[in-house]
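Okay, structure first, notes after.
Since every read-out is calculated from the coordinates, none of them should be taken as a lab result. Predicted model only: the values in this text are computed from it and were never measured. When we count neighbours, we look across all protein chains shown, and the Cβ atoms used for this are built from the backbone with ideal geometry, even at glycine.
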Amino acid sequence: MARASEFNEQDVVARCLAGEQEAWRELVTRYQDMVYAVARRVAGPAAEDAAQETFLRVFRKLHTYRADSGAKFSSWLYRVAYNVACDVAGRRGREAPLPEDFEGRYDGPGPEDLAAGTEYRELAREALASLRPEYRDALELYYLMGKSYEQVAEITAMPLGTVKSYIHRGKKAVLSSLRRTGVADSLAGGM
Amino acid sequence: MMDCERFTDIVAAGEDASPREVEEAREHARRCEECGRLAKAFAAFEAASAEVPPAPAGFASRVMARLPLGREAAWRGSPTGAAPFPKWVVSGIAAGACAVLACVVSYFAFSDPAAFAATVESFADAAAPDANVFGSMIGAFVAAVAVAGSLAYYYLVPGD
């Protein structure tokens, strides 16, 4: 994958608009992980379809992206990815927020972590599934985007205040879920 | 003294909590074992949520194979193959123009059948036995072609 410092997104976008095939390959390669991650969080098992459709839609709509508006291309792209994933998921119809192969990173690995890691993945799935869809989307995008409220607001087209409120409520719901289920005790006990 | 609920609020506030609140929460976590564990579990949750796993192997190639590079662009005259207007606008204009044309043809056929028949005869060898019917048929044909063309454009051409 190209390093961020070597990747000039405006240059690549311009070359894509000029129809340069290699530029499209660079763009897809550069953003595939994040687009896939967004698709995965929103569309769950249909992530592959959603992620592919995202790039197809970008191909058709790239001429509508306005670099001079000040919006970063990546934000515009993730917004497309979010919208496509919502469409593919039937908007808010998804049952499970995380696919079966969701891999939760487990900091501070120890000898008990194999069992605890499995338990944690279950915990994360349950905690997120208990959230209202709008809280869940906002919260997951918030972490994916490096805890940037502004970027979540850009992607979801929601007011900044609403995004902050959703994320705060989402976090509280997760914390309540952790406390209520008592899994935190057993988990942290093994850490 | 801070209670467990207040502790939850501060953890949920994250970076928005003040340094003083963070310090109070830390102090509470040192004294309250349950909240200390909760904070660790939540930190693990946040770390996992920030993970961006790599896209599946071959994903980029599958996407590239689906991008109609050079195909759409060639016949649509645009580098990205993108239409300058939304598809429904183009389809609507085409259908509207053809409908107007059909109305004009029908109008002339009905208002002055003799002149219309003469005009038609000048283009065709066989004279129309009934100019009204013939004119209506031409109008209907043009309208049908317009509708079919617009529908074909809307459903067959990739775009918005």
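Between the beta carbons of B:VAL89 and B:ALA118, assuming R0 = 41 Å, the FRET efficiency works out to 0.60 to the nearest 0.05.
Is region A:1-62 best put as rounded, prolate or oblate by its Cα gyration tensor, with a ≥ b ≥ c the root eigenvalues, rounded for a/c under 1.5, and otherwise prolate when a/b is larger than b/c, oblate when not? Oblate, since a/c reaches 1.5 and b/c is not below a/b. A simple spin-label model places the labels of B:VAL104 and B:TYR153 1.7 nm from each other, with each point 7 Å out along Cα-to-Cβ. Counting neighbouring Cβ atoms within 10 Å and putting the fewest first, the residues A:LEU175, A:LEU56, A:LEU139 line up as A:LEU56, A:LEU175, A:LEU139.
For B:LYS40, a cut-off of 19 angstrom between C-alpha atoms picks up these lysines, skipping any fewer than 8 places away in its own chain: A:LYS147, A:LYS171, A:LYS172.
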